[in-house]
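J.: Okay, handing you the structure first.
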Amino acid sequence: MEKNGVYLGPRLRRLRKDLGLTQASMASDIGTSPSYIALMERNQRPVTAEVLIRLAKAYTIDLSTLTEDKGEGLINRLKAAMKDPIFADIEVTPVELVDVLSNFPGFTEAMLRLYTAYKSEQFALADRQQSVAGAAAVDAASDPVAAVRAFLAARRNCFPHLDAAAESLAADLHHIGGLHAFLKQRHGLNVRRLPQDVMMGSVRRLDRHRKEILLDDGLDVASQNFQLAQQLAYLEVDDEIQKAVEGGNLLSENARHLAHRALAGYFGAAVLMPYAQFAKAAENKRYDVEAIARQFNVSFEQTAHRLTTLQKPGQERVPFFFIRVDNAGNVSKRLDSANFPFARHGGGCPLWSLHQVFSMPRTVVTQWLELPDGQRFFSIARTVSSGGGAYASARVTRAVALVCEAQHAERMVYYDRNSAPLYTPIGISCRLCHRPTCTSRSEPPIGRSILADAYRRAEAPFGFSD
């Protein structure tokens with residue numbers, strides 16, 4: 001900034017190009033010389049107030065669009081890109097980044113586009129790496145689970161019209177006297193609980209002939225209520241669910257069936273945990289999952305699952321990512337409203353406590369996470385169980401995690417105000433993580449050459465060439 005003007009070179013050049021003008025034509029329009037335009041565009045002369053006024057009159061523009069500082073977003077993107085471990089051995093100072101942005105905005109944009117394309121290709125390659133060895137990468141048509149995850153993620157796992165219908169139904173349930181009374185009065189259906197051997201592998205079955213809903217008597221109360229609420233989705237809002245599925249343009253019938261089931265489950269959870277009431281409880285209890293679960297008489301996993309759906313426009317709460325894995329690391333569910341990169345890839349980093357909670361059953365474990373690009377998150381993880389209900393009945397134990405951006409962590413009961421966050425460096429997958437010193441690495445990262453260890457063996461599993 002000078003006393004008699006401000007340096008706006010890149011923005012002036014962008015304005016001229018957006019208007020389709022040469023330096024000579026712009027100079028003619030505002031009464032100056034082409035050489036002076038060139039000097040201003042190279043930041044060798046400031047743009048004075050008089051020149052700004054002439055520009056505003058000549059091209060009928062709002063001066064604020066030219067003078068407001070739009071460089072902050074670009075410089076933050078550039079800084080984030082340079083944090084990628086692939087640039088770790090290149091020393092670039094913040095001053096140099098500002099100089100590049102100020103003097104070479106075109107190069108900056110090109111660099112960011114190239115980096116974005118590079119990251120996209122890394123993700124695509126990781127997808128192919130995760131497919132069965134030797135097999136081609138599967139597409140949405142042949143991978144219905146991936147297709148449904150993409151369908152839910154595109155909508156941030158939030159369906160306001162289903163929430164509205166569920167809230168209305170929940171109010172009716174309250175007045176009539178609960179799920180059993182509602183099913184009897186509205187649909188003429190009785191609820192019966194039968195032994196597992198009679199149910200023959202089913203946990204819920206609708207017997208239209210006898211007008212009964214049959215439940216496995218090994219289900220706990222939370223699971224019974226959820227099954228009844230999900231059955232109500234098919235009875236009450238099946239057409240609305242079908243329209244939502246059709247809007248997803250899913251390519252395979254399997255994907256459409258899975259999406260339909262997912263939305264029926266969404267509606268069932270919304271009946272048991274109505275949006276406005278649940279969102280208020282989440283804030284009041286500071287996202288204490290166990291406390292919220294007890295208030296609504298639902299399970300820890302059902303509550304964690306529901307917390308990912310609180311993104312209704314105008315009534316948003318903390319955006320969460322949810323993941324569920326077994327003790328072999330297989331992912332059985334991913335839901336995302338937090339833009340967490342693990343929503344699309346990974347979940348298998350051994351440094352994440354999600355994979356360690358199996359040794360601490362039903363204990364909530366907190367952890368601060370930092371990804372290779374510098375993004376920071378806060379995670380809670382705990383084991384959950386399903387099945388059982390009788391001696392020798394099969395029981396399945398899995399681990400679930402809820403993750404939010406670090407900036408939201410202080411809104412949660414799990415946040416410790418008395419200690420500074422200690423971040424664990426994790427990676428989306430070993431193939432995408434360029435941290436050279438990670439001792440937990442199982443594979444080398446994409447694009448790095450491995451050094452022979454004839455003369456030196458590093459502590460990390462692989463040594464990499466610079």
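J.: Scanning for something in contact with a Phe, Trp or Tyr (Cβ under 7 Å, 6 or more places away or on another chain), at pLDDT 85 or above and among the β-branched types (Val, Ile, Thr), does region 174-184 turn up at least one residue?
T.: Checked region 174-184: at least one residue is in contact with a Phe, Trp or Tyr (Cβ under 7 Å, 6 or more places away or on another chain), at pLDDT 85 or above and among the β-branched types (Val, Ile, Thr).
J.: Ok, one more. Could you check how many residues of region 270-305 are hydroxyl-bearing (Ser, Thr, Tyr) and surrounded by fewer than 23 Cβ atoms within 10 Å (Cβ to Cβ)?
T.: So the answer is 2.
J.: Quick check: anything in region 122-139 part of a helix (DSSP H, G or I), more than 17 Å from LEU15 (Cα to Cα) and at pLDDT 70 or above?
T.: No, the conditions are met nowhere in region 122-139.
J.: Contact list please: Cβ distance under 9 Å, first residue in region 386-402 and farther than 15 Å from PRO361 by Cβ, second residue surrounded by 12 or more Cβ atoms within 10 Å (Cβ to Cβ) and acidic (Asp, Glu), pairs at least six apart or on different chains.
T.: Taking only residues 6 or more apart or on different chains, the pairs are GLY389/ASP216; GLY389/ASP217; GLY389/ASP220; ALA390/ASP217.
J.: Considering only region 432-461, state which residues are in contact (Cβ under 8 Å) with a residue 60 or more places away in the chain and touching a Pro at 6+ places or on another chain (Cβ under 6 Å).
T.: Those that are in contact (Cβ under 8 Å) with a residue 60 or more places away in the chain and touching a Pro at 6+ places or on another chain (Cβ under 6 Å): CYS433, HIS434, ARG435, SER440.
J.: Yes or no: region 307-326 includes at least one residue that is among the hydroxyl-bearing types (Ser, Thr, Tyr) and assigned by TED's automatic domain parsing to the domain that holds SER359.
T.: yes
J.: What are the pairs with Cβ atoms under 6 angstrom where one residue, in region 85-100, is under 23 Å from GLY427 (Cα atoms) and the other, located anywhere, is modelled with pLDDT of 80 or more and among the basic types (Lys, Arg)? Sequence gap at least six, or different chains.
T.: These pairs meet every condition: PRO85/ARG435.
J.: While we're here: Considering only region 92-107, how many residues are surrounded by 13 or more Cβ atoms within 10 Å (Cβ to Cβ) and over 19 Å from GLN44 (Cβ atoms)?
T.: 1
J.: I'd like to check which helices (runs of 4 or more DSSP H) are fully inside region 241-325 and have at least 3 residues that are under 20 Å from the mean Cα position of the chain (by Cα), aliphatic (A, V, I, L, M) and within 16 Å of LEU335 (Cβ to Cβ).
T.: 253-272
J.: Being among the small types (Gly, Ala, Ser) and under 16 Å from PRO10 (Cβ atoms) is the filter; apply it to region 69-121 and report the residue that is modelled with the highest pLDDT.
T.: Out of the qualifying residues, it is ALA110.
J.: Please state which of the following conditions PHE462 fails to meet, knowing it meets all the rest: (1) farther than 18 Å from ASP373 by Cβ; (2) loosely packed, with under 14 Cβ neighbours inside 10 Å.
T.: (2) is the only condition that PHE462 fails.
J.: Then there is this: Suppose we filter LEU232, LEU215, LEU219, LEU228 for residues that are surrounded by 18 or more Cβ atoms within 10 Å (Cβ to Cβ) and part of a loop (DSSP other than H, G, I, E, B); which single one remains?
T.: So the residue among LEU232, LEU215, LEU219, LEU228 that is surrounded by 18 or more Cβ atoms within 10 Å (Cβ to Cβ) and part of a loop (DSSP other than H, G, I, E, B) is LEU219.
J.: Okay, next question. Report every pair of residues separated by at least 6 positions or lying on different chains whose Cβ atoms are under 8 Å apart, first residue within region 255-278 and touching a residue at least 40 places away in the same chain (Cβ under 8 Å) and within 23 Å of ARG317 (Cβ to Cβ), second crowded, with 22+ Cβ neighbours inside 10 Å and of a type in the set (Lys, Arg).
T.: Matching pairs, first to second residue: ALA269/ARG306; ALA270/ARG306.
J.: Follow-up. State the number of residues belonging to region 144-181 that are over 26 Å from GLN315 (Cβ atoms) and part of a helix (DSSP H, G or I).
T.: 7
J.: On to the next question. Tally the residues that are surrounded by 15 or more Cβ atoms within 10 Å (Cβ to Cβ) and farther than 20 Å from GLN356 by Cβ, restricting the search to region 416-430.
T.: Residues meeting the conditions: 0.
J.: Separate question: How many residues does region 374-406 hold that are under 15 Å from the mean Cα position of the chain (by Cα) and loosely packed, with under 15 Cβ neighbours inside 10 Å?
T.: Residues meeting the conditions: 1.
J.: Sticking with this structure for a sec: Report whether or not CYS433 is more than 24 Å from PHE300 (Cβ to Cβ), crowded, with 18+ Cβ neighbours inside 10 Å and of a type outside the set (A, V, I, L, M).
T.: yes
The values are calculated or read from the model by the stated rules, or taken from the named source; none is laboratory data. For clarity, every value in this text was computed on a predicted model and none was experimentally measured. Virtual Cβ from ideal backbone geometry, glycine too; neighbours counted across all protein chains shown.
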